[in-house]
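The values are calculated or read from the model by the stated rules, or taken from the named source; none is laboratory data. Model, not experiment: these values are computed from the prediction. All Cβ positions, glycine included, derive from the backbone under ideal geometry; neighbour counts span all protein chains shown. Keep in mind that these areas ignore ligands, DNA and RNA; they rest on the heavy atoms of the full protein, side chains included. Shrake-Rupley method; radii C 1.70, N 1.55, O 1.52, S 1.80 Å.
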Amino acid sequence: NYKDVQDPTLVVSFPLDNESGVELLAWTTTPWTLPSNLALCVNPDKDYVKLQDKAQNRVFILMESRVSSLYKNPEDYTILKKMKGSDLAGLSYKPLFDYFIDLKKTRGAFRVLCDHYVTEESGTGIVHQAPYFGEDDFRICLREGIVAKDMPPVCPVDASGRFTEEVKDFAGLYVKDADKPIAGHLKKAGRLVNQSTIQHSYPFCWRSDTPLLYKAV
(Lines give C-alpha, C1' and ligand atoms only; values in the text may rest on other atoms or scores of the structure.)
Protein backbone atom coordinates (compact mmCIF):
# COMPACT_ATOMS: atom_id res chain seq x y z
CA ASN A 1 0.00 0.00 0.00
CA TYR A 2 2.15 2.86 -1.32
CA LYS A 3 1.07 6.46 -1.79
CA ASP A 4 2.70 9.46 -3.44
CA VAL A 5 3.44 11.93 -0.66
CA GLN A 6 5.27 15.22 -0.24
CA ASP A 7 8.11 14.91 2.25
CA PRO A 8 10.72 17.47 3.35
CA THR A 9 14.29 17.13 2.13
CA LEU A 10 17.14 18.66 4.09
CA VAL A 11 20.79 19.23 3.23
CA VAL A 12 22.64 19.37 6.53
CA SER A 13 26.24 20.27 7.35
CA PHE A 14 28.64 18.20 9.44
CA PRO A 15 31.79 20.20 10.38
CA LEU A 16 35.00 18.16 10.39
CA ASP A 17 36.85 17.83 13.68
CA ASN A 18 40.34 18.00 12.20
CA GLU A 19 39.87 20.69 9.55
CA SER A 20 38.37 23.91 10.83
CA GLY A 21 35.83 25.56 8.55
CA VAL A 22 35.24 22.49 6.35
CA GLU A 23 31.80 20.84 6.39
CA LEU A 24 30.48 17.62 4.88
CA LEU A 25 27.01 17.92 3.30
CA ALA A 26 24.49 15.11 3.72
CA TRP A 27 20.93 14.88 2.40
CA THR A 28 17.88 13.22 3.91
CA THR A 29 14.18 12.78 3.15
CA THR A 30 13.55 11.64 6.75
CA PRO A 31 14.59 14.52 9.03
CA TRP A 32 13.13 12.66 12.02
CA THR A 33 16.02 10.16 11.80
CA LEU A 34 18.68 12.89 12.20
CA PRO A 35 18.67 12.85 16.04
CA SER A 36 19.79 9.19 15.72
CA ASN A 37 22.64 9.91 13.29
CA LEU A 38 25.79 7.93 14.16
CA ALA A 39 27.83 8.11 10.95
CA LEU A 40 28.04 9.35 7.35
CA CYS A 41 28.67 7.16 4.31
CA VAL A 42 30.39 7.89 0.99
CA ASN A 43 31.11 5.82 -2.10
CA PRO A 44 34.86 5.01 -1.98
CA ASP A 45 35.28 5.01 -5.78
CA LYS A 46 33.38 8.18 -6.69
CA ASP A 47 34.84 11.66 -7.07
CA TYR A 48 34.17 14.25 -4.37
CA VAL A 49 35.00 17.94 -4.22
CA LYS A 50 35.79 20.54 -1.61
CA LEU A 51 34.24 23.81 -2.74
CA GLN A 52 33.87 27.37 -1.54
CA ASP A 53 30.28 28.59 -1.42
CA LYS A 54 30.68 32.24 -2.46
CA ALA A 55 27.37 33.49 -1.06
CA GLN A 56 27.76 31.91 2.36
CA ASN A 57 31.58 32.02 2.45
CA ARG A 58 31.65 28.43 3.67
CA VAL A 59 33.62 25.37 2.53
CA PHE A 60 31.61 22.23 1.76
CA ILE A 61 32.45 18.66 0.66
CA LEU A 62 30.04 16.65 -1.53
CA MET A 63 30.08 14.29 -4.52
CA GLU A 64 31.28 16.04 -7.68
CA SER A 65 28.41 14.74 -9.83
CA ARG A 66 25.86 16.10 -7.32
CA VAL A 67 27.14 19.70 -7.16
CA SER A 68 24.69 20.81 -9.86
CA SER A 69 21.74 19.63 -7.73
CA LEU A 70 22.67 22.22 -5.10
CA TYR A 71 24.11 24.97 -7.31
CA LYS A 72 22.32 25.93 -10.52
CA ASN A 73 25.01 28.48 -11.44
CA PRO A 74 28.69 27.38 -11.55
CA GLU A 75 29.67 30.95 -10.71
CA ASP A 76 28.22 30.49 -7.21
CA TYR A 77 31.12 28.32 -6.08
CA THR A 78 34.83 27.64 -6.54
CA ILE A 79 36.28 24.12 -6.57
CA LEU A 80 39.19 24.03 -4.12
CA LYS A 81 40.15 20.35 -4.27
CA LYS A 82 39.08 17.01 -5.76
CA MET A 83 39.35 13.66 -3.99
CA LYS A 84 38.02 10.11 -3.98
CA GLY A 85 35.41 9.04 -1.46
CA SER A 86 38.02 6.71 0.04
CA ASP A 87 40.09 9.79 0.98
CA LEU A 88 37.30 10.86 3.34
CA ALA A 89 37.12 7.52 5.18
CA GLY A 90 37.62 7.81 8.91
CA LEU A 91 37.22 11.57 9.17
CA SER A 92 35.30 12.49 12.33
CA TYR A 93 32.74 15.27 12.57
CA LYS A 94 30.71 17.31 15.02
CA PRO A 95 27.36 15.56 15.75
CA LEU A 96 24.08 17.38 15.05
CA PHE A 97 22.83 16.62 18.56
CA ASP A 98 24.53 15.51 21.77
CA TYR A 99 22.01 12.79 22.73
CA PHE A 100 24.41 9.93 21.90
CA ILE A 101 27.73 11.81 22.07
CA ASP A 102 29.25 9.16 24.38
CA LEU A 103 29.31 6.74 21.41
CA LYS A 104 32.01 8.91 19.84
CA LYS A 105 34.50 7.67 22.44
CA THR A 106 33.10 4.23 23.16
CA ARG A 107 32.23 3.07 19.60
CA GLY A 108 34.02 5.47 17.25
CA ALA A 109 30.72 6.96 16.07
CA PHE A 110 30.36 10.21 14.11
CA ARG A 111 32.87 9.43 11.38
CA VAL A 112 32.85 8.84 7.62
CA LEU A 113 32.36 5.26 6.40
CA CYS A 114 32.55 3.85 2.85
CA ASP A 115 30.16 1.62 0.95
CA HIS A 116 29.19 1.12 -2.68
CA TYR A 117 25.46 1.47 -1.96
CA VAL A 118 25.89 5.28 -2.09
CA THR A 119 24.85 6.36 -5.59
CA GLU A 120 25.04 9.41 -7.85
CA GLU A 121 21.26 9.40 -8.35
CA SER A 122 20.14 11.70 -5.54
CA GLY A 123 21.21 13.86 -2.64
CA THR A 124 24.79 14.98 -2.08
CA GLY A 125 26.61 11.64 -2.40
CA ILE A 126 27.05 11.62 1.39
CA VAL A 127 24.40 9.58 3.19
CA HIS A 128 23.48 10.07 6.83
CA GLN A 129 23.45 6.82 8.82
CA ALA A 130 20.84 6.06 11.49
CA PRO A 131 21.56 2.33 11.90
CA TYR A 132 18.36 1.37 13.70
CA PHE A 133 16.14 3.00 11.07
CA GLY A 134 17.66 1.64 7.86
CA GLU A 135 18.82 -1.75 6.63
CA ASP A 136 21.96 -0.52 4.84
CA ASP A 137 22.74 1.87 7.69
CA PHE A 138 22.66 -1.02 10.16
CA ARG A 139 24.73 -3.31 7.92
CA ILE A 140 27.46 -0.73 7.44
CA CYS A 141 27.60 0.51 11.05
CA LEU A 142 27.65 -3.10 12.30
CA ARG A 143 30.53 -3.93 9.95
CA GLU A 144 32.47 -0.85 11.14
CA GLY A 145 31.88 -1.56 14.84
CA ILE A 146 29.81 1.58 15.52
CA VAL A 147 26.96 -0.66 16.64
CA ALA A 148 26.92 -4.25 17.87
CA LYS A 149 24.13 -6.77 18.19
CA ASP A 150 24.68 -7.03 21.95
CA MET A 151 24.58 -3.28 22.70
CA PRO A 152 21.45 -1.27 23.57
CA PRO A 153 19.98 0.02 20.30
CA VAL A 154 20.08 3.72 19.47
CA CYS A 155 16.38 3.74 18.67
CA PRO A 156 14.71 6.60 20.56
CA VAL A 157 11.24 6.00 19.08
CA ASP A 158 8.55 4.10 20.98
CA ALA A 159 5.99 1.62 19.67
CA SER A 160 3.53 4.42 18.84
CA GLY A 161 6.11 6.28 16.72
CA ARG A 162 6.89 9.01 19.26
CA PHE A 163 10.29 10.19 20.43
CA THR A 164 11.38 8.90 23.84
CA GLU A 165 12.97 10.97 26.62
CA GLU A 166 16.44 10.26 25.17
CA VAL A 167 15.70 12.89 22.53
CA LYS A 168 14.91 15.59 25.05
CA ASP A 169 14.21 18.42 22.57
CA PHE A 170 11.48 16.47 20.78
CA ALA A 171 10.33 13.92 23.40
CA GLY A 172 6.69 12.87 23.00
CA LEU A 173 6.39 14.15 19.43
CA TYR A 174 5.18 11.78 16.71
CA VAL A 175 8.24 11.48 14.47
CA LYS A 176 6.58 12.72 11.28
CA ASP A 177 5.34 15.79 13.19
CA ALA A 178 8.91 16.40 14.36
CA ASP A 179 10.30 17.04 10.85
CA LYS A 180 9.58 20.78 10.98
CA PRO A 181 10.78 21.37 14.56
CA ILE A 182 13.98 19.43 13.78
CA ALA A 183 14.57 21.55 10.66
CA GLY A 184 14.00 24.70 12.74
CA HIS A 185 16.43 23.52 15.41
CA LEU A 186 19.11 22.81 12.79
CA LYS A 187 18.52 26.16 11.08
CA LYS A 188 19.02 27.98 14.38
CA ALA A 189 22.23 25.98 14.94
CA GLY A 190 23.56 26.95 11.49
CA ARG A 191 23.54 23.34 10.29
CA LEU A 192 20.67 23.54 7.76
CA VAL A 193 22.09 24.39 4.32
CA ASN A 194 19.09 23.71 2.08
CA GLN A 195 15.46 22.75 2.53
CA SER A 196 12.87 21.70 -0.02
CA THR A 197 10.29 18.97 -0.66
CA ILE A 198 10.18 15.80 -2.71
CA GLN A 199 7.25 13.80 -4.05
CA HIS A 200 7.95 10.12 -3.65
CA SER A 201 6.22 6.81 -3.04
CA TYR A 202 5.93 5.93 0.66
CA PRO A 203 4.45 2.80 2.34
CA PHE A 204 1.24 3.15 4.36
CA CYS A 205 -0.44 0.70 6.71
CA TRP A 206 -3.32 -0.99 4.90
CA ARG A 207 -5.43 -1.03 8.07
CA SER A 208 -4.89 2.37 9.71
CA ASP A 209 -3.85 4.23 6.51
CA THR A 210 -0.92 5.84 8.38
CA PRO A 211 2.72 6.03 7.22
CA LEU A 212 4.86 3.02 8.11
CA LEU A 213 8.08 3.59 10.06
CA TYR A 214 11.10 1.32 9.54
CA LYS A 215 12.79 0.68 12.87
CA ALA A 216 14.65 -2.02 14.78
CA VAL A 217 12.61 -4.06 17.26
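Heavy atoms only, probe 1.4 Å: what % of the accessible area of the chain goes to carbon and sulfur, would you let me know? For the chain, the apolar C and S fraction of the accessible surface comes to 50 percent. Think of each Lys and Arg Cβ as +1 and each Asp and Glu Cβ as -1; about the Cα centre, that makes the dipole of the chain roughly 300 debye. For the chain, the longest principal axis of the Cα atoms and the long axis of helix 179-188 meet at an angle of about 40 degrees.
Which three semi-axes in whole Å describe the equivalent ellipsoid of the range 57-134, each the square root of 5 times a Cα gyration tensor eigenvalue, listed largest first?
One finds semi-axes of 26, 15, 13 Å for the range 57-134.
Here the spin labels are modelled as points 7 Å beyond Cα on the Cα-Cβ line, and at residue 19 and residue 106 they lie 3.1 nm apart.
If the segment from residue 57 to residue 166 were pulled out straight at 0.36 nm per residue, it would be longer than the present Cα-Cα gap by 35.7 nm. The calculated Kirkwood hydrodynamic radius for the range 119-199 is 14.8 Å, given to one decimal from all distinct C-alpha pairs.
So if each residue of separation counts as 0.36 nm, and I subtract the Cα-Cα distance between residue 155 and residue 69, what length gain in nm does that give?
Taking 0.36 nm per residue and subtracting the Cα distance, the gain is 27.8 nm.
Of the residues 108, 175, 140, the one whose Cα sits farthest towards the positive end of the charge dipole of the chain is 108 (charges of +1 on Lys and Arg Cβ, -1 on Asp and Glu Cβ, taken about the Cα centre).
In the context of the full set of protein chains, the range 1-100 has a per residue accessible area of 43 Å² (1.4 Å probe).
Taking each pair of distinct Cα atoms in the chain once, what is the resulting Kirkwood hydrodynamic radius in Å?
Numbers: mean 1/r = 0.0560 Å⁻¹.
Taking every pair of different Cα atoms in the chain, averaging 1/r and inverting gives 17.8 Å.
Cβ under 13 Å from residue 142's Cβ, residue 142 left aside: what net charge do those residues give with Lys, Arg +1 and Asp, Glu -1?
Working: positive: 107, 139, 143, 149; negative: 115, 135, 136, 137, 144, 150.
Net of charged neighbours comes to -2.
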